[in-house]
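Here is the structure we will look at.
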Amino acid sequence: MKQRIAVLGSTGSVGVNTLDVIARHRDRFEVFALSAATQVDLMLQQCAKFKPSFAVMAAEGPGRELAYKVQAGGLATQVLWGQGALEEIAAHESVDTVMAAIVGAAGLASCLAAARAGKRLLLANKEALVVGGELFLDAVRGSGAKLLPIDSEHSAIFQSLPEDPATWDARVEKIILTASGGPFRTREPHTLRGVTPEEACAHPNWVMGRKISVDSATMMNKALEVIEARFLFGLAPQRLEVVIHPQSVIHSMVQYRDASVVAQLGTPDMRVPIAYGLAWPDRVASGAQALDFHTLADMSFESIDSRGHRERFPGLTLAWDVLAAPPGTTAVLNAANEVAVAAFLERQIRFDQIHQVNVATLEAVTASKPESLEDLLGLDARSREAAGRAISRLGA
C-alpha cells in the first residue's frame with residue numbers, strides 16, 4: 001500500500017526536493033496534499049504532475065488565483081487557503097506522512113496538528129522544536145506520532161545513534177554537529193558590517209532559501225540546530241558540540257562513551273535525508289550523487305574557538321544561553337532572528353546588526369513556560385514587536 005504524503009511548503013527548496021524523491025518512487029509514495037505560500041504557478045505545475053487531492057495556499061488571494069487556474073486546467077485538485085485549511089490537511093485521516101517544510105514559526109501550528117493526529121512527521125521545520133519545545137514533544141508523545149528529523153545534521157545524528165532511544169543517555173558521550181562555516185568562514189570579522197544580502201545568500205555548498213542562507217552566514221542556523229538537537233535527542237546542552245567542517249561531507253557525528261565516533265557521510269544534497277525520512281526504516285534511491293572516495297578532497301575541521309570564529313559568529317553561543325534560560329526563551333530568540341533577517345534582506349539593517357537585534361530582544365522579553373499554542377503565539381508576537389523596536393532604534 002502506498003504511503004500517502006502531505007508536503008507542507010512544497011514550493012520551497014525542501015518541498016521541491018521531496019517531490020523529486022517521490023517522483024522516483026511512485027510505487028511507494030502518493031501525494032495527497034500540497035501547500036505553499038504565494039507561488040501559484042509552481043503550485044499549479046506540481047498539482048498537474050502529482051494530482052493531489054488538496055492544494056492549500058496561505059492566503060485567500062493566491063488561493064483564489066490557484067483555484068481558477070486549477071479549474072481552467074481541468075484538474076480535480078480541491079483548492080483551500082488559510083491557516084485552518086493547513087492544519088486540516090496536516091491532520092487529515094487519509095494522510096500517513098507529513099513533510100513539514102514551511103519555513104519559520106509560520107509552520108508551528110500545522111506541525112502541532114500533525115503531531116496531535118499521530119502522523120509520521122518528517123521535520124524539516126526546525127522552528128517547531130525551537131519554538132514549540134516541550135509543548136510540541138508532549139503532543140508527539142501523547143499521540144504516538146513518529147518524529148523523523150530531515151535537517152541534514154539531525155538526520156545524520158539519528159542515523160548514527162543506537163536504535164533504542166532509551167540507551168542514548170547511557171551510551172553516548174556527546175553529539176557533534178558539523179557546520180560548513182558558510183560564505184564568510186575566512187572573512188575578517190570587522191568587514192562583515194558591509195556584507196550585502198546577495199553575498200550572504202551565496203552559500204558555498206548548499207542551495208537553500210534566502211532566510212536559511214542568511215542564517216548559515218551568521219551561523220544562527222547552527223544555534224537553532226543545537227536547540228533542536230537538545231529537544232530531539234534529550235542530551236544536556238553541555239553534551240552538544242559544534243565543529244566547523246568546510247567540505248560538508250560529514251553531516252554530523254556521535255561520540256560514544258568508549259571514545260569511538262560514528263559519523264554519517266554523503267554529498268551535500270537534501271534528497272539524501274529526505275529519502276531516508278520517507279522510506280525509514282528502509283532505504284531507497286535518493287537521486288543524489290554518491291561520494292567518490294577516489295576524488296574526495298581532504299577533509300578539514302576547525303574549532304569554534306579558533307581563527308576568530310567566536311567574533312565572526314557571535315550568535316552561535318546564544319543557543320546555550322537560551323537553553324539555560326526559562327522555558328520559552330528559545331522561542332524569543334527564533335522570533336527575533338526571523339525579524340532581524342527579514343530586515344537585513346530588505347536592507348533596513350546591516351549584516352552585523354542581526355546579532356544586535358537578537359540580543360536586544362532577549363534582554364527585552366521575559367519568557368515563561370508556554371502551556372498552549374496560544375501562549376506560544378503570544379510570546380512570538382511580543383518578541384517580534386520587541387525586535388521591531390530594536391530595529392527602529394538602530395535606524396534612528
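The values are calculated or read from the model by the stated rules, or taken from the named source; none is laboratory data. Keep in mind the model is a prediction, meaning the values are calculated, not measured. We place every Cβ from the backbone using ideal geometry, glycine too, and count neighbours over all the protein chains shown. Each accessible area value is taken on the protein alone, full model and side chains, heavy atoms only, with ligands, DNA and RNA left out. Shrake-Rupley method; radii C 1.70, N 1.55, O 1.52, S 1.80 Å.
Computed quantities for the displayed model
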| read-out | value |
| --- | --- |
| About the Cα centre, charge dipole magnitude for the stretch 1-114 (Lys/Arg +1, Asp/Glu -1 at Cβ), debye | 360 debye |
| Whole-percent carbon and sulfur share, accessible surface of the stretch 120-169, 1.4 Å | 46 percent |
| Stokes-Einstein D in µm²/s, Kirkwood radius over Cα pairs - the chain at 20 °C with 1.002 mPa s viscosity | 100 µm²/s |
| FRET efficiency estimate (nearest 0.05) - Cβ-Cβ, ALA170 to ALA325, R0 35 angstrom | 0.80 |
| The chain, dipole about Cα centre (Lys/Arg Cβ +1, Asp/Glu Cβ -1), debye to the nearest 20 | 460 debye |
| Residues of type aspartates and glutamates that LYS51 reaches as a straight line, Cα spacing below 14 Å, ignoring anything fewer than 8 places off in the same chain | GLU30 |
| Residue with peak Gaussian network fluctuation, the chain [Cα springs, cutoff 10 Å], from ALA124, ALA364, ALA217 | ALA364 |
| Residue-normalised accessible area of the chain, given per residue in Å² at a 1.4 Å probe | 42 Å² |
| Globularity ratio of the stretch 175-294, using Cα Rg and 2.2 N^0.38 Å | 1.17 |
| Cross-link pairs beyond the 23 Å C-alpha cut-off, checked among LYS49/LYS126; LYS119/LYS211; LYS49/LYS69; LYS126/LYS146 | LYS49/LYS126; LYS119/LYS211 |
| From the C-alpha gyration tensor of the stretch 70-141, square roots of 5λ in Å | 25, 13, 10 |
| Bins of 5 Å from zero: percent of alpha-carbon pairs in the stretch 313-367 | 4, 22, 32, 24, 12, 5, 1 |
| Cα Rg, Dmax, the stretch 225-345, angstrom units | 17.2, 49 |
| Carbon and sulfur %, accessible surface of the stretch 17-105 computed with the full protein complex present, 1.4 Å | 49 percent |
| Carbon/sulfur fraction of accessible area - the stretch 231-323, other protein chains in place, 1.4 Å, % | 52 percent |
| Selected from PRO189, PRO149, PRO370 as most flexible by GNM, with the chain as the system and alpha-carbon contacts under 10 Å | PRO189 |
| Coarse-grained scattering of the stretch 141-184 at q = 0.19 Å⁻¹, given as base-10 log I(q)/I(0) from a Debye sum over alpha-carbon atoms | -0.74 |
| Label point distance in nm, GLN3-GLN83, each placed 7 Å from Cα along Cα→Cβ | 3.0 nm |
| Distance in nm between pseudo-label sites at ARG28 and GLN289 (7 Å out along the Cβ direction from Cα) | 2.3 nm |
| Per-residue SASA entry for SER110, accessible area with 1.4 Å probe, Å² rounded to 10 | 0 Å² |
| Gained length - LEU377 relative to GLU93, 0.36 nm times residue gap less alpha-carbon distance | 99.6 nm |
